[in-house]
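Let me begin by presenting the structure, written as structure tokens, before commenting on it.
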Amino acid sequence: MINLTDNEIIDSVKKGNTADFALLVDRYKNKAFPMLKRMLKNEQEAEEVLQDCFLKSFQSINGFRAESKFSTWFYKIVYNTALTKLSGQKRKTENEMASLEDEINLADILNNEVENEDLSALITRILEALPAKYSSILDMFYLCGMSCEEISGVAGITVQNVKVILHRARNSFREYVEEKNLMKEIL
Amino acid sequence: MNCLSDDILNNYIDNERGIAELNFIEEHLKTCTVCKNKLNNLQAVHLSLQKIEEYSPSEEFTAVFMRKIGKSTINRKNQERFFAFVLSTIIIVFILIVAYLIWAFGDTTASEPKISIDFMGILTLYYNALFGWVKELLVKQNFAFMGSVFSLIILASGYYFYETRKAYKKL
Ligand SMILES: [Zn+2]
């Protein structure tokens, strides 16, 4: 069962084996959940939205075509559902989402310092604090293992802009970390 | 010598530089500690990002979800079954009404000259045997009773559809 491909599972679900959908849920929940949690900054909401995303994909599974990849199709649902949720929340988020042009100012985002933090812990903390636009793209690239082309399709921005976001995020992480002298421990 | 831009270093990490550029980058890195240091730090960030961990939502997440879609498919089946029931009830009542009309009509035109009396007699006999009880049901008081039962069924089914619709949308 574990070795079935996504498309094989979907075929089975379409034939009426509804229970097989659980395999897809187990396969994607642990990646989609952290991504949603970082976008929404709320664990409870992330879980509700994720339930909603799986339900949406289950209900529209008949519209899913075998030529496409389930992962990109599903992450598109996740990404859009989270954005809809965010746009309904507050004006502040809109500003966060609006401009690609903004520099990422990590010192502003991370208002409290943690003593004796290692690089991985700091990176995780930065990710949690980043605006949804950045954290989602980093999560799709690093956690979900998607290519820049796939991310471009999901987020509806050009491949070039995906790269801009990735590079900008890495650069500001590097600068921040250099400032904090955390690199010595690693290198 | 010109130092490497952030973009070039990032592309270098992502293995996205042209071969011609590659030689230039590696030559430069051999001689420039500033760029070498920058690259090392960027690589450290990249590696940490690659180690971001997955984690699961609450333990019963999948079970809760599967129960939810189980319910939604059961609801849809129930809805279909109930619809079939209501539809067949309506059809039966309709047939009964038509039968009654035929019976009433047949009663007054029993002496229609073009149909043989024997045939009409047999027909009336059949009607009486088959729909005798219907006749009884359809005397004036009973007719009103049937009407209210019928409209009650329609009301109940309307309410049921409304409820299932609402429950389904909530999911
Ligand atoms: Zn240099």
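The values are calculated or read from the model by the stated rules, or taken from the named source; none is laboratory data. For clarity, every value in this text was computed on a predicted model and none was experimentally measured. So basically every Cβ, Gly included, is an ideal-geometry build from the backbone, and we count neighbours across all protein chains shown. Surface accessibility is based on the protein's heavy atoms, side chains included, excluding ligands, DNA and RNA. Shrake-Rupley method; radii C 1.70, N 1.55, O 1.52, S 1.80 Å.
Observations on the model:
- For segment A:6-88: relative contact order, % (alpha-carbon pairs under 8 angstrom, 6 or more apart): 31 percent
- Reciprocal of mean inverse Cα separation for segment A:106-186 (Kirkwood radius, Å): 13.5 Å
- Largest to smallest in accessible area, the residues B:Thr31, B:Thr62 fall in the order B:Thr31, B:Thr62 (1.4 Å probe, all protein chains included).
- Exposure of B:Leu47 as accessible area (Å², to 10), given a probe of 1.4 Å and all protein chains: 90 Å²
- The equivalent ellipsoid of segment B:6-51 has semi-axes of 18, 14, 7 Å, largest first, where each one is the square root of 5 times an eigenvalue of the Cα gyration tensor.
- Taking all protein chains together, B:Ile91, A:Ile109, A:Ile61 sort by accessible area into B:Ile91, A:Ile109, A:Ile61, largest first [probe 1.4 Å].
- Solvent-accessible surface of protein heavy atoms, probed at 1.4 angstrom with all chains present, puts A:Tyr79, B:Tyr159 in the order B:Tyr159, A:Tyr79, largest first.
- For the Cα trace of segment A:6-88, dividing Rg by the Kirkwood Rh returns an Rg/Rh value of 0.98.
- For A:Thr72, the accessible area of its heavy atoms, probed at 1.4 Å with every protein chain present, is near 30 square angstrom.
- Coil-residue chymotrypsin sites (Phe, Trp or Tyr not before Pro) of segment B:47-82, DSSP, other Cβ within 10 Å capped at 14: B:Tyr55
- Interface A:B - total buried accessible surface [probe 1.4 Å, Å², rounded to 100]: 3600 Å²
- Too-long pairs where the Cα-Cα distance tops 28 Å, listed order kept, from A:Lys41/B:Lys51; A:Lys133/B:Lys38; A:Lys14/B:Lys51; A:Lys29/A:Lys163; A:Lys15/A:Lys133; A:Lys76/B:Lys36: A:Lys14/B:Lys51; A:Lys15/A:Lys133; A:Lys76/B:Lys36
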